[in-house]
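Structure first, then comments.
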Amino acid sequence: MEHYRRDKRIGFMTPLQRPLGCLPLEVIPPIDHWHSVARPPALSSGGLHLWKLRTGCGGAPLTRLWPLLSQQESERADKLRFDHHRARYVRARAGLRMILSAYLRIEPGAIGLRYGKAGKPFLEDTSSGLEFNLTNSGDLALVALSVGTPIGVDCERIRDRGDMVAIADRMFTPEQAARIAAAPPEERLRQFHVTWTALEAEVKADGRGLLGRHRPAAQAAPRIGHCVPEPGFIAAVACERLPPVGDWVTLTLSADCYPIIRDQSKLGAGTL
C-alpha cells in the first residue's frame, strides 16, 4: 500500500482542543493526487481512506447511477426541485454506495443503511467494523472511511458567508469567535472556514449534528485533520485515531467501476 501514501513531510494534524481559527493556513496540505482505482487497498484499524467524487456535470452519467439508489433515496431525489441539485444528490449517494460496495464486496443497491437522530448514515450490518461519512459542497463530494472508530468529514468551498462575525458568535466558542473578529478580512474568511469545517466534522463523527453541538460528546474528543482537496475548497476529517494527513490514502473511482444499466424503467425523474 506504500505507493498510495503521500509525502509525510507536508502532513498536518491538530487535536480538537487546539484553538481552531489560529491554525497556520499555509501548512494545510493540498491533496495533489487522487488514485483512480476499481478496488481500494486494504483499510486497517488506524488508517484512513478519503475518496473524491465529481457530482456536477463532469461526473458519472446519471443513467448508470439511479438504479443503485434505495427507494428512499430515489424518492428524495425525485422531490428535489432543481435538476442540478438532483444530479449532485444522485452522484453523491450512488458514489457512496459504490465505494462501500468495494469494501463490503456486496452489490451497491443491497447495502442497508440506517440513520441516527441527526441524520448520520450508518451501515445496518456492523460486522465489518467499517465507519464512513459523506460530505458535499458544490460539485465536489468526499467520503471518509475508517475501521472501528467513528469518523466525520466536512468540505466547504471558500466563499463569502455574509456576516461571518455574527455567525462565529452564534456557532463557535467565544475564543474562536474573538480570533475571527480580530482577523483581517481575507484572513477572516479562511479562518472561518477552518473553524467551521472542524466543527462540522466533529459533530458528524459522533452523530450529534450541528443542532446537538452543545450536548456532551458520547466519546473522547476526536483529532482533526485539514486538507485542501482541490483549489478553492477546504476539508476537515475528525476521528479519534486519525493518522497524519500525509498517511491518508486518497482515492477516486475509476471509470470502469460504473455499471452499464439496460433496464431504463429504473431511472428517476429528470434523468440526465
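The values are calculated or read from the model by the stated rules, or taken from the named source; none is laboratory data. On a predicted model such as this, the values are computed, not experimentally measured, just so you know. Neighbour counts are summed over all protein chains in view; Cβ atoms, including those assigned to glycine, are modelled from backbone coordinates with ideal geometry.
With respect to the stated conditions, Asp139 is among the charged types (D, E, K, R) and over 18 Å from Ala198 (Cα atoms). The condition (being β-branched (Val, Ile, Thr) and touching an Asp or Glu at 6+ places or on another chain (Cβ under 8 Å)) is satisfied by just one residue among Thr126, Thr63, Thr135: Thr135.
Taking segment 197-224 as the search range and keeping residues that are loosely packed, with under 14 Cβ neighbours inside 10 Å and assigned to a loop (DSSP other than H, G, I, E, B), which one is modelled with the lowest pLDDT?
Looking at the filtered set, the residue picked out is Ala218.
Among strands (runs of 3 or more DSSP E) entirely within segment 84-165, having at least 1 residues that are in contact with a Ser or Thr (Cβ under 6 Å, 6 or more places away or on another chain), within 21 Å of Lys204 (Cα to Cα) and of a type in the set (Gly, Ala, Ser) singles out 140-147.
How about segment 181-192: which of its residues are surrounded by fewer than 23 Cβ atoms within 10 Å (Cβ to Cβ) and in contact with a helix residue (DSSP H, G or I) (Cβ under 9 Å, 6 or more places away or on another chain)?
Ala181, Ala182, Ala183, Glu187, Arg188, Leu189, Arg190
Cβ-Cβ distances below 6 Å connect the following pairs, each with a first residue in segment 162-173 that is touching a residue at least 24 places away in the same chain (Cβ under 8 Å), a second residue that is part of a helix (DSSP H, G or I) and surrounded by 14 or more Cβ atoms within 10 Å (Cβ to Cβ), and a separation of six or more residues or different chains: Met164/Phe192; Ala168/Ala177; Ala168/Ile180; Phe172/Thr195.
Within 14 Å of the chain's Cα centre (by Cα) and among the polar types (S, T, N, Q), is that true of Thr135? Yes: the conditions hold for Thr135.
Just for segment 129-162: of the residues that are charged (D, E, K, R) and at pLDDT 95 or above, which one is farthest from Val228 (Cα to Cα)? Spell out how you get there, then give the answer.
Kept after step one, since they are charged (D, E, K, R), are these residues of segment 129-162: 131, 139, 154, 156-157, 159-161.
Keeping just the survivors that are at pLDDT 95 or above gives 131, 139, 154, 156-157.
Details: Glu131: 22, Asp139: 15, Asp154: 11, Glu156: 10, Arg157: 10 Å.
So, considering only residues that are charged (D, E, K, R) and at pLDDT 95 or above, the one farthest from Val228 (Cα to Cα) is Glu131.
Applying the condition of being of a type outside the set (A, V, I, L, M, F, W, C) and exposed (fewer than 12 other Cβ atoms within 10 Å of the Cβ) to segment 37-56 and asking which residue is modelled with the lowest pLDDT yields Arg39. Scoring Asp83 on the criteria (1) charged (D, E, K, R); (2) touching a Gly at 6+ places or on another chain (Cβ under 6 Å); (3) at pLDDT below 95 leaves a single failure, condition (3). Of all residues in segment 126-137, those being surrounded by fewer than 16 Cβ atoms within 10 Å (Cβ to Cβ) and touching a helix residue (DSSP H, G or I) at 6+ places or on another chain (Cβ under 8 Å) number 1. Examine segment 68-88 for a residue that is crowded, with 19+ Cβ neighbours inside 10 Å and touching a strand residue (DSSP E or B) at 6+ places or on another chain (Cβ under 8 Å), and state whether such a residue exists. Looking through segment 68-88, at least one residue is crowded, with 19+ Cβ neighbours inside 10 Å and touching a strand residue (DSSP E or B) at 6+ places or on another chain (Cβ under 8 Å).
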